[in-house]
Amino acid sequence: MKDALVVWRLLDGKPGHEKQSLGLLQGLAAMAPVAAYELDMRSKSMFWSEILRHIRGQAMLPPPHLIVGVGHATHLPMLAARAACGGRTVVLMKPSLPLSLFDLIFVPRHDHYPNKGNVVGTWGVICPTTDEGKVPDEGLVLIGGPNRTYDWQPDAVAEAVSAIADASPEIRWTACDSRRTPTGLAERVAPRENLVWQSWRRAPEDFLQDALARASYVWVTADSVSMLYEALSARAQVGIIAMPTRRPHAASKYARGIEALRERRHVLASEDGYRIQDSRLSDFRPENRRCAEIVLERLVVPR
C-alpha cells in the first residue's frame, strides 16, 4: 500500500506472544494504513538472508518504519534489523537486553518497571480486541492448571464451575480446559443442562478466539493471566475464580495485578459471588489502541 506504515513483525512461534504483537498491529491499523510483514525467528536463515539483501540493495521487503517483537528470541534480531534496514524498535513485555537499546518498550505494570523514558506501563499484556457479535446468554469458564504462584486445588475449581452454572441458569456456559489442566476435572462436576465441556484436545484451532468474541460473560481461574486480559480485551464481563497463593505473605506480581483490577471494579472475584451480570463492573479499555497511539506519537509522527 502506498504511504502505508511498514511494520516488520518478528515472531517466535509462541501463540501468546503472537497475539500480543497482533493486538498492537490491530490498534495501529485502526488509525493508519499498515503494511505488515512477518519474519519467523524459527527460520533464522531466511531472516538473516533478508538482512543481507538489504545491505546489498537487493531487498525483497520494503524497509520498516517499525520493528515489533515479543519474546527473547526476537530481541537481538530486532536490533540487527534496525541497524541494517532502519526503522524504530517496539518491544512488548520484559526485554532480555538493556532497556536503552530499544526505542519503545511496553511492559505490564505488575513487572514493576519504571514508567518513564522509553518504557510504558500497561494493564496486563496487549491483546487483540473485539466488541461486536456478543451473545447475551453465552458464557465461558476458562480453566488453567497448576503453576508456581497458586495452590491449584481441583476439587475447589470444580466446585467453582458448578457454582457459576448454578448461579446463572439462564446463561449457557462452556467450560474450557487447557494443556495445564489436570485430567479428570470434568468428571468432578455433576452434569447440568446449562453447562457443557470443551476439551482443548478436541477444539478447533480458532475455537477460543470465536468463543471469546461471542461470550458476554467469562470466568477465568486466577492462574490464567493471559486469558484474563484476553477476556477483558474481548469486552466481556469477567470474573476470576480465586485460589490461595503458595506464599500468602508474598503475593506474586500476578496476584497484585488481579487485586488492582478488583479495586477498579474491572473484574469480579469469586469470593464476592458468582452472578457476574449483577456486579456492575466498570469498563476496561483495551490497551492496544492506547499503545498504538503512543507508538504513532513518539516514533512515527514528526515532533
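The values are calculated or read from the model by the stated rules, or taken from the named source; none is laboratory data. Keep in mind it's a predicted model, so treat the numbers as computed, not measured. Cβ sites come from the backbone with ideal geometry, for glycine too, and all protein chains shown count toward neighbours. All accessible areas refer to the heavy atoms of the entire protein, side chains included, with ligands and DNA or RNA removed. Shrake-Rupley method; radii C 1.70, N 1.55, O 1.52, S 1.80 Å.
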Return a yes/no flag: does the range 156-165 have any residue that is touching a Lys or Arg at 6+ places or on another chain (Cβ under 6 Å) and at pLDDT below 90. no
Within the range 174-202, restricting to residues that are open to solvent by 30 Å² or more (accessible area, probe 1.4 Å) and of a type in the set (A, V, I, L, M, F, W, C), the one that is nearest to Lys253 (Cα to Cα) is Trp200
Pair list, Cβ under 6 Å, 6 or more apart: the range 224-244 residue within 21 Å of Lys134 (Cβ to Cβ), other residue open to solvent by 10 Å² or more (accessible area, probe 1.4 Å) and aromatic (Phe, Trp, Tyr): Leu232/Phe284; Gln237/Tyr217
What's the number of the condition Ser178 fails, among (1) within 18 Å of the chain's Cα centre (by Cα); (2) assigned to a strand (DSSP E or B); (3) more than 27 Å from Glu263 (Cβ to Cβ); (4) among the small types (Gly, Ala, Ser)? (2)
Scan the range 130-153 for residues that are open to solvent by less than 40 Å² (accessible area, probe 1.4 Å) and either assigned to a loop (DSSP other than H, G, I, E, B) or under 17 Å from Pro244 (Cβ atoms) (or both) and jot them down. Ile143, Gly144, Gly145, Thr149, Tyr150, Trp152
If you check every pair at least six apart or on different chains, which have Cβ atoms under 7 Å apart with a residue in the range 31-54 that is free of Cβ contacts under 8 Å to residues at least 12 places away in the same chain first and a residue that is among the aliphatic types (A, V, I, L, M) and loosely packed, with under 12 Cβ neighbours inside 10 Å second? Glu50/Met60; Arg53/Met60
Being in contact with a helix residue (DSSP H, G or I) (Cβ under 9 Å, 6 or more places away or on another chain), within 23 Å of Ala84 (Cβ to Cβ) and part of a helix (DSSP H, G or I) is the filter here, so list the residues in the range 29-49 that pass it. Lys44, Phe47, Trp48
Positions within the range 211-258 being over 17 Å from Asp177 (Cβ atoms), open to solvent by 60 Å² or more (accessible area, probe 1.4 Å) and within 18 Å of the chain's Cα centre (by Cα), in sequence order: Arg214, Arg235, Gln237, Lys253, Tyr254, Arg256
Restricting attention to the range 215-273, which residues are in a loop (DSSP other than H, G, I, E, B), modelled with pLDDT of 85 or more and either touching a Gly at 6+ places or on another chain (Cβ under 7 Å) or farther than 25 Å from Arg289 by Cα (or both)? Ala222, Asp223, Ser224, Ala242, Met243, Pro244, Gly273
Identity of the residue in the range 106-127, more than 16 Å from the chain's Cα centre (by Cα) and under 18 Å from His72 (Cβ atoms), that ends up least open to solvent (accessible area, probe 1.4 Å): Val119
Restricting attention to the range 274-303, report how many residues are part of a loop (DSSP other than H, G, I, E, B) and closer than 30 Å to Ala163 by Cβ. 10
The range 55-104, residues that are part of a loop (DSSP other than H, G, I, E, B) and touching a residue at least 24 places away in the same chain (Cβ under 8 Å): Ala59, Leu61, Pro62, Pro63, Pro64, His65, Gly71, Gly87, Met93, Ser96, Phe102, Asp103
